[in-house]
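Below: one structure, written as structure tokens.
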Amino acid sequence: MAPKGDNVVVSNMKLERMLSMKGGKGEGSYADNSQAQAQHARSMLHLLKETLDGVHLSSMDVPFVVVDLGCSCGSNTIYIVDVIIKHIIKRFEALAVDPPEFTAFFSDLPGNDFNTLFQLLPPLASYGSSMEECLAADNHRSYFAAGVPGSFYRRLFPARSIDVFHSAFSLHWLSQVPESVVDARSTAYNRGRVFIHGANEAAAAAYRKQFQTDLAGFLQARAQELKRSGSMFLVCLGRTSLDPTDQGGAGLLFGTHFQDAWDDLVQEGLISNEKRDSFNIPVYAPSLQDFKEVVEADEVGRVLANSCRSVSGVLVDAHIGDRLGDELFSRVERRATNHAKDLLEKLQFFHIVASLSLA
């Protein structure tokens, strides 16, 4: 067992192995305290369905695979997966095509309470049931289900295997607390605070950089796993302020009262200043600009690498072979992604246009 008291430093633990929403059922459980997330998810169903309408359908592509990333352990994820699959089934029916079989993967970190989640799953429809019967039976599911533990900031699935990725209210959770934020020698040291809200500029910059690094890793992993005709629908907690130290709703949740309670423990001598300062909530609510910069950088890197390969790939492959050619252009993409801002500003092609005629 882990030691208790002042010997435990949460920031030094492997966050991926311990982070999860509170499992089980009861007053403090996620399952009984996720109504707000459910309301927000329902308010965006029309946008989700618009995304699903853009997914290419093929009865030859079996099974149709749906993934919910950051599923947690409540009923919200089951509701959303059900909405996705029923909408796709109706699209197949509109085309007068028999729907394929469906698989749903529920994915979250290893500490997630998958047992509670699976207990909430309705039973699988009886073998041989028609799709009409499955759709009419609200107490049964028309898909095979499995849990996939692991961080969505890395690869989780085989290449080109997923039709639809869904993730809601998860991407604001960072893969780790930025190291400089809990380093007393750093200018980003978040002294006296347990969250970015109201922090100094250097701490805010460290949080922002961690978010953008994590989101880039997320997008790169999904780009490999998604089928060419597939789609992603992502919902991330955000903020309207340009100032990253103003975290909006997240600031209210983890800010004033939460912060004051930690300060109470320090003032009453129950914990030390250092104990408080070594704890930080790994959450970052991005602005739209924060999010767009990463997405655009990812697109710039891929576009530049593909453009470069389209005109030089034959020569490269003939010189070093297909395998090393893949590796070379993969590195071009990574480098271009890391320098996307400069590329957008500097990458310009000038053209000479001449209209000539005989005198």
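The values are calculated or read from the model by the stated rules, or taken from the named source; none is laboratory data. The model shown is predicted, which means the values in this text are computed figures rather than measured ones. Note that we place each Cβ from the backbone using ideal geometry, even for glycine, and neighbour counts take in every protein chain shown. These accessible areas exclude ligands, DNA and RNA; they are computed on the full protein's heavy atoms, side chains included. Shrake-Rupley method; radii C 1.70, N 1.55, O 1.52, S 1.80 Å.
Annotation: for a label point projected 7 angstrom from Cα along Cα→Cβ of residue 205, residues of region 163-199 with backbone N closer than 20 Å are 177-193, 195-199. If you take the beta carbon distance between residue 241 and residue 44 as r and set R0 to 25 Å, what does 1/(1 + (r/R0)^6) give as a FRET efficiency, to the nearest 0.05? Approximately 0.70, to the nearest 0.05.
The portion of the accessible surface of region 211-266 made up by carbon and sulfur, rounded to a whole percent, is 60 (1.4 Å probe; DNA, RNA and ligands excluded). Approximating the spin labels as points 7 Å out from Cα along Cα→Cβ, the residue 322-to-residue 265 distance works out to 5.7 nm.
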